[in-house]
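Working notes for the structure below.
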Amino acid sequence: MAGIATIGFGEAAQAFVSGWQADPDVKTLGAIASFDVKIEDLTQRSALLDASSRLDVECTETPEDALSGRNLVFSLVTADRALEAATRVASLLDPGTLYLDCNSCSPATKAAASELVNAAGAIYVDVAVMSPVHPAGHRTPLLVAGPAADLACRHLASLGMNAKVAGEKIGHASSIKMLRSVMIKGFEALTAECLLAARRAGVEQDVLASLQASDPGIDWTKRSAYNLERMMVHGRRRAAEMREVAATLRELGIPDRMAAATVEWQRQLGELEIRDSDNSLGNRADSILERILG
């Protein structure tokens, strides 16, 4: 098994590592190293070290220490830090290292990162993570693109991962991910705007009943509660992704009106930092309304 490192050790990296370690088919995983900029932040350092220790991952003080001797590197940072991460580590990658950029970025951002990585003698791979990393963990569906997509998929398969080739062009996997997010994250934002207003107006149940009658294939109450939870827990990260989605649309010459508005809804709910124990739609809506209306 290739030496593995991650750039970033947040939710996605931890989900992948814990999945690899628990998978009996991953026979020779070897030691894993990680560098995360949170190591440089005294307010976040302790939690990062605890997570690394729990998963038996070497949490290094510098990217040099994490990348030395590793030939499979997963970049798992937030969308707004992906190009910064590639810029910082490209010259530190060993020749021939596969750099798997798993961040939710526009095709142009991935192309810029690709130039940096390939110029350093490593091999850039465009990877799109196509669903939440929980509960599937390392089995979360991945799309892989670029000239080395087939090679990358073979490495990912050896780690028990669920990856398939999307195309030979850098940005192809990213385009699929970005344009899918117009719908998925936009649907979440529409849910917030619709159901919070309906709750405020006292017509929530009537609106839900009308939606259910119009489209019985969706459990509107359950899906609406889920959509709010996604925004409450992951809104900041989703907002960063949606900025990249908006950039993707502009690159294609398409207006980004819906994506740009989705950024603001996702950001606002994520910044509320609400962690509710009751998963009902009404409780979540009330928690949000209490905070945004003061």
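What follows draws every value from the coordinates through simple rules; no lab data is involved. Every value quoted in this text rests on a predicted model; they were computed, and no experiment measured them. Here the Cβ positions follow ideal geometry from the backbone for every residue, glycine too, while neighbour counts run over all protein chains shown.
Tell me the net charge near P63. Cut-off is 14 Å between Cβ atoms, P63 excluded, with +1 for each Lys or Arg and -1 for each Asp or Glu.
The answer is -4.
Pull up all non-local amide H partners of S104: gap of 5 or more, or a different chain, and H-to-H distance under 5 Å with H placed in the peptide plane.
A79
Looking at the chain as a GNM with Cα springs under 10 Å, which of R88, R267, R70 has the largest mean-square fluctuation?
Comparing R88, R267, R70 in the GNM, the peak value goes to R88.
Could you give the distance between the Cα centres of the range 204-283 and the range 118-189, to the whole Å?
23 Å
Enumerate the lysines that K27 could reach by cross-link, defined here as Cα to Cα under 27 Å, with residues fewer than 8 away along the same chain left out.
Straight-distance partners of K27: K164.
Can you tell which of P141, P95, P24 shows the greatest fluctuation in a Gaussian network model of the chain with Cα springs below 10 Å?
Result for the chain, Cα springs under 10 Å: P24 fluctuates most.
Give me the orientation-averaged projected area of the Cα convex hull of the chain, in nm², one decimal.
16.3 nm²
Using a Gaussian network model on the chain with a 10 Å cutoff between Cα atoms, which of V144, V57, V203 fluctuates the most?
Among V144, V57, V203, the largest GNM mean-square fluctuation belongs to V203.
Give me the dipole magnitude in Debye, nearest 20, for the range 174-293 about the Cα centre, with unit charges on the beta carbon: positive for Lys and Arg, negative for Asp and Glu.
It comes to approximately 380 debye.
Give the relative contact order (percent, whole number) for the range 220-294; include only Cα pairs under 8 Å separated by 6+ residues. Spell out each step's value before the answer.
Details: 69 pairs, mean separation 30.6, N = 75.
Here the relative contact order equals 41 percent.
Relative contact order, percent, of the range 1-48 when contacts are C-alpha pairs under 8 Å separated by at least 6 residues?
49 percent
Report, ordered by chain and residue number, the lysines lying within cross-link reach of K222, taken as a straight Cα distance under 30 Å and ignoring same-chain residues fewer than 8 apart.
Those lysines meeting the cut-off are K177, K185.
Give a residue-ordered list of calculated ³J(HN,Hα) values for the range 136-143 (Karplus: 6.51 cos²θ - 1.76 cosθ + 1.60, θ = phi - 60°; whole Hz; x for Gly, Pro).
Values, residue by residue: 6, x, 5, 8, 4, x, 10, 10 Hz.
Pull up all non-local amide H partners of I32: gap of 5 or more, or a different chain, and H-to-H distance under 5 Å with H placed in the peptide plane.
Those lying under 5 Å, H to H, from I32 are E58.
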